[in-house]
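Nothing in this text is a laboratory measurement; each read-out follows from the coordinates by a stated rule. Here the structure is a predicted model, which means the values were calculated and not measured. Because the Cβ atoms are built from the backbone with ideal geometry, glycine has one as well, and the counts that use them run over all protein chains shown.
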Amino acid sequence: MSKPIIAPSILAADFCHLAREIDMIDKSQADWVHFDVMDGMFVPNISFGSPVLRAIRPLTSKVIDVHLMIEQPERYLEAFAEWGADVLSIHAEACIHIDRNLRRIKELGMKAGLAINPATPVHIYQHVLPWVDVALIMSVNPGFGGQTFIPYTYDKIRALRQMIAQAGSSTLIEVDGGVNLDNAPKLLQAGADVLVAGNFVFSSTDPLHTINTLKQLPAFNQKIV
């Protein structure tokens, strides 16, 4: 049985020792480094941008998974490609031309992700699945770490998994928000492939062990990106 893709979110890391935190992730069994970009407009918070990505890219061999929680993401696609993003996710709610932007992300050599907020229905993926490498389902309202997981996320994952199967697509389902050892097995059983964990990892007494424990959970639908 395959294992899930684990993507620790550095939004919850110690920014005073970010290089050390990246080194810990690089030595762990994590697969991706999740990189949250917030603009204070699409979400009520500001995080970091391409200069920070440029600084950490040489520090890790892991896949860097960039999640743009910003308005008009098309303004920055080239910048994040230049500075080393491997996966770039835009929000359906923040993007007028979803199809065009997904195609552009792939033209720039990155895997294309489409993220949706908790209340956004999964049918928005239906016509663009051929261009979506990663479907990112938010299981909290985006903007801040440490929030409580929203239970109807399971239903959204199951519906999206069925859509992906019917389309014969290889799209991965990524879940971000409130992921922990209590809900992670249920998320994987529902059909998730990628688990983003921020506060759960970095607030633990042993983040390396926490990452590796998540990695040992059984996955059911994983396909490698």
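Count Lys and Arg as plus one, Asp and Glu as minus one, and take only other residues whose Cβ is under 14 Å from that of residue 72; the net charge is then -2. For residue 179, the residues whose modelled amide H falls within less than 5 Å of its own, excluding neighbours fewer than 5 places apart on the same chain, are 198. Of the beta bridges DSSP finds with both residues in the chain, what % are antiparallel, to the nearest 5? Close to 5 percent.
Helical content of the chain, expressed as a calculated mean residue ellipticity at 222 nm, amounts to -8500 deg cm²/dmol (DSSP H runs of 4 or more residues, -39,500 (n - 2.57) each, divided by residue number, nearest 500). In this structure, residue 126 and residue 72 have a Cβ-Cβ separation that, at R0 = 25 Å, corresponds to a calculated FRET efficiency of about 0.60.
Would you mind telling me which residue in 182, 99, 65 has the biggest mean-square fluctuation in a Gaussian network model of the chain, where springs connect alpha carbons within a distance under 10 angstrom? Evaluated over the chain, the most mobile residue of the options is 182. Taking 0.36 nm per residue of separation and subtracting the current Cα-Cα distance, fully stretching the chain between residue 59 and residue 26 would add 11.1 nm. Structure note, pairs 111/215; 156/215; 106/186: Cα-Cα distances above 27 angstrom occur for 106/186.
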